[in-house]
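Undergrad: Okay, here's the structure, questions in a sec.
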Amino acid sequence: MTDDDRPGPGAGPGSSAARGPAAAWPLENALFSATLLAQRLPWTDAPARALGLDALTREGLTRRLLAHLARSRSGRPVQLRTPFGSFLVPLTTDDAEALLARAEQAGALAPASGLDAGGRRYGLSPHAAPDTALAREAAPPAGELRPLLAEDVDRVTAARRGDGTLDGQDWRAGMLRLARRVVVGADAAEDTLLSEVLAAATGAVDSRAYEARAAALARRLAPYLAGPDPESLAGRLCARGLTAADARTVPVVAHALALVSEAASTTALQALALLAARAAASPDRAVALALRRYPPVAAAAHPVRAPFTWRDLTVDPGTEILCAPALLPHPPGEDGPGSWPAALCTVPGGCAWTPFAALVAEQAVRAVVAEARPVLISPRLEPARLPDTLAPHGLLVALTDPEGRPTDARVTVGLPAALPVAAPGYAPASYGALARASADRLERHAESLAACAGNTGWNGDEAGERFRMVLLGHADRCAKAASEVRAAAQRLSG
């Protein structure tokens, strides 16, 4: 008998060896449903957040309700009915992992589906990975990843706007290109259709269209797997025994591409924001914090297709196990949910590709901060009071050159001058950060113009000297403008 088969603390001599889950009361069902429905109305949190009353936000109320259920049901999973379905909800992260592991061991789980903040379901990349040892051996180490990432990171940083801010669409496109290069190979880097077909296949999981879209994905991957890039993850896998003809190869590579794409495009941007807000001290800690507090798979429903018993709990077919670690009460002494292996993939016990996807995100962030300093424009984050959600589409991050970088006499006019659209609700300090970034650029532009004017190539004739004076005049005006913009930034920042 395993630990999970033994009767729980509530099973005494006169009780049955196993029993069904406790059902929540109608009022508890109503309150839980209300907190889920409120996720679709983000403005409802504004008064509570403005007053610092985190317990009255949507996430805070949900955690308090689940903590009440844990106290009133002796910590046992509870059956909750909502407008989005009926769910068996484990009330601690340890119980959630143990319950899913037992169900997986019994062969009782069907593929999971994700649930967004408003209760809407979406498809998840079907889990497919080699054993942990092979995955660890095939994954390119950090030292070999850096040269693979350099070109794509440079593209993303070079595409920032004139004020230094990153465009969300450019960031996502660049990170998807990076993921294709790392996982599938250099020839696939420009194949944007590959990412689109992968997303279409993932979104069609559990639908009639899945088989056709999975076949289309296999056809799209076939040319790259026939002669794989030896530096890519696919090439390293094929060098260790997998072949293009092996039925496992396409699902394994597709799943790795899905996880790396998500980590690079979403988690890496969140990590940059956390670094800029000084909520984390290094890229690896920033990525770990982003995966912990803002997992891409924040909630998942696991359908049960066969009966099984966990401790003294019998789970029947047709039940759906809801795992949402971010909504569970925080462990004592910790700010935020406990560590959760299903941040990127929901398979019980953890996915062998998850550490590699996190490593790619970490190395992408490390490559960015090696060349630029991130400045968070919006939203405003306080390290001691991080929000419960940090949607990538709501982030505005600027990149400025590191302080002390020497001038190389190149005129810095290569970036477009487009400014981001002002969004209602930006704090004055956010505009202050934008102004400081602009002042920094003006100062560097003045320095590069002065360095250019100092070149001896202007010494030959009178026309050269005239051009030199024009350059020096522009440099002086840029320096004065930088000083005035910096004063305005200080005013805005208070």
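Undergrad: In this structure, does Ala364 turn out to be at pLDDT 85 or above, within 24 Å of Ser232 (Cα to Cα), assigned to a helix (DSSP H, G or I) and open to solvent by less than 20 Å² (accessible area, probe 1.4 Å)?
TA: The answer is yes for Ala364.
Undergrad: Would you check if Glu262 is of a type outside the set (Gly, Ala, Ser), over 22 Å from Ala103 (Cα atoms) and open to solvent by 10 Å² or more (accessible area, probe 1.4 Å)?
TA: On the way: of a type outside the set (Gly, Ala, Ser): yes; over 22 Å from Ala103 (Cα atoms): yes; open to solvent by 10 Å² or more (accessible area, probe 1.4 Å): yes.
So Glu262 fits the description; yes.
Undergrad: State the number of residues belonging to segment 154-181 that are assigned to a helix (DSSP H, G or I) and open to solvent by 40 Å² or more (accessible area, probe 1.4 Å). Spell out how you get there, then give the answer.
TA: Restricting attention to segment 154-181, the residues satisfying the condition of being assigned to a helix (DSSP H, G or I) are 154-158, 168-181.
Going one step further and asking which of them are open to solvent by 40 Å² or more (accessible area, probe 1.4 Å), we end up with 154-155, 158, 168-170, 172-173, 181.
Residues flagged as assigned to a helix (DSSP H, G or I) and open to solvent by 40 Å² or more (accessible area, probe 1.4 Å) within segment 154-181 amount to 9.
Undergrad: Let me ask something additional. If you go through segment 314-329, how many residues are open to solvent by 40 Å² or more (accessible area, probe 1.4 Å) and either of a type in the set (D, E, K, R) or at pLDDT below 85 (or both)?
TA: 2
Undergrad: Identify, please: which residue in segment 90-102 is surrounded by fewer than 22 Cβ atoms within 10 Å (Cβ to Cβ) and of a type in the set (A, V, I, L, M) and is, among those, farthest from Ala342 (Cα to Cα)?
TA: In this case the residue turns out to be Leu91.
Undergrad: It is to be established whether one or more residues within segment 182-189 are touching a residue at least 60 places away in the same chain (Cβ under 8 Å), open to solvent by less than 40 Å² (accessible area, probe 1.4 Å) and not in a loop (DSSP other than H, G, I, E, B).
TA: yes
Undergrad: In this structure, is Ala256 modelled with pLDDT under 95 and either within 21 Å of Glu144 (Cα to Cα) or under 14 Å from the mean Cα position of the chain (by Cα) (or both)?
TA: no
Undergrad: Examine segment 451-460 for a residue that is surrounded by 17 or more Cβ atoms within 10 Å (Cβ to Cβ) and in contact (Cβ under 8 Å) with a residue 24 or more places away in the chain, and state whether such a residue exists.
TA: yes
Undergrad: Do we find a residue being open to solvent by 30 Å² or more (accessible area, probe 1.4 Å), touching a helix residue (DSSP H, G or I) at 6+ places or on another chain (Cβ under 7 Å) and modelled with pLDDT under 85 anywhere in segment 396-405?
TA: So far as segment 396-405 goes, yes, one or more of its residues are open to solvent by 30 Å² or more (accessible area, probe 1.4 Å), touching a helix residue (DSSP H, G or I) at 6+ places or on another chain (Cβ under 7 Å) and modelled with pLDDT under 85.
Undergrad: Quick test of your reading of the structure: Tyr224 fulfils all but one of (1) without any contact (Cβ under 8 Å) to a residue 24 or more places away in the chain; (2) crowded, with 19+ Cβ neighbours inside 10 Å. Name the failing condition by number.
TA: Exception for Tyr224: condition (1).
The values are calculated or read from the model by the stated rules, or taken from the named source; none is laboratory data. Everything quoted here is computed from the prediction, not taken from an experiment. Quick reminder, even Gly has a Cβ in these numbers, built from the backbone with ideal geometry, and neighbours come from all protein chains shown. Heads up: the accessible areas ignore ligands, DNA and RNA and are worked out on the full protein's heavy atoms, side chains in. Shrake-Rupley method; radii C 1.70, N 1.55, O 1.52, S 1.80 Å.
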